[in-house]
Each structure stands twice: as structure tokens, then as C-alpha cells.
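Working notes, structure below.
The values are calculated or read from the model by the stated rules, or taken from the named source; none is laboratory data. None of these values were measured; they are calculated from a predicted model. Cβ placement follows ideal geometry from the backbone for every residue including glycine, while neighbour counts extend to all protein chains displayed. Heavy atoms of the whole protein, side chains included, go into the accessibility calculation; ligands, DNA and RNA do not. Shrake-Rupley method; radii C 1.70, N 1.55, O 1.52, S 1.80 Å.
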Amino acid sequence: TFAAGMLRCAFAARTRRPPAAASPIERIVFWGQPAPREVLVRTASGKAVPGVQATYDEAARTITVRQPKVTVGEVWSVELLAPAA
């Protein structure tokens, strides 16, 4: 889900996890972004994932988060922090 600048992944618990659940997320692209923003990636426990960076493409108005160090089958979140004033 995406709301109020936060993308949340809540993988549904299953008795048998599909093989793709262990696959790392390669990138997340946020479209329609008017300005660059910092990102904060958190695990299910709320711990911040260190070293995650985002790039801003002004022409495309996108923010791309590459290799956020989470997998498809985890619970995690990516928060777009408010732009610096």
C-alpha cells in the first residue's frame, strides 16, 4: 500500500512460501514526484536499513530506490521524507 508518502509491503503469511519470497527487491520507482526526497527503509521490527540511497530524475519526475536490501517476502516500508525547506 502507498499512503502519506509511505510504501508498505505486508507479505501475507502462508504455510508454504513461494520461491520468489526470498528474492531481493532490485528497485522501487515513485512516479510524479515534484522534488528530490530522502528515503527511509525500515524492516518489520522498525529498524532502519542503513546505506539505502535514492536518485531523483527531474525530467521524468521519479525517485528511484535501488537495492533497498529487503526481499519480496518480508514486511518492510519505504518512507519518502519531506523535502528540505
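Structure notes:
- Long-range neighbours under 9 Å by Cβ, at least six apart or interchain, first residue under 17 Å from residue 72 (Cα atoms) within segment 18-38, second of a type in the set (Phe, Trp, Tyr) and open to solvent by less than 50 Å² (accessible area, probe 1.4 Å): 25/76
- Residue 39 passes every criterion in (1) farther than 19 Å from residue 4 by Cβ; (2) in contact with an Asp or Glu (Cβ under 9 Å, 6 or more places away or on another chain) apart from (1).
- Segment 37-81 - residue that is open to solvent by 80 Å² or more (accessible area, probe 1.4 Å) and not basic (Lys, Arg) and, of those, farthest from residue 8 (Cα to Cα): 59
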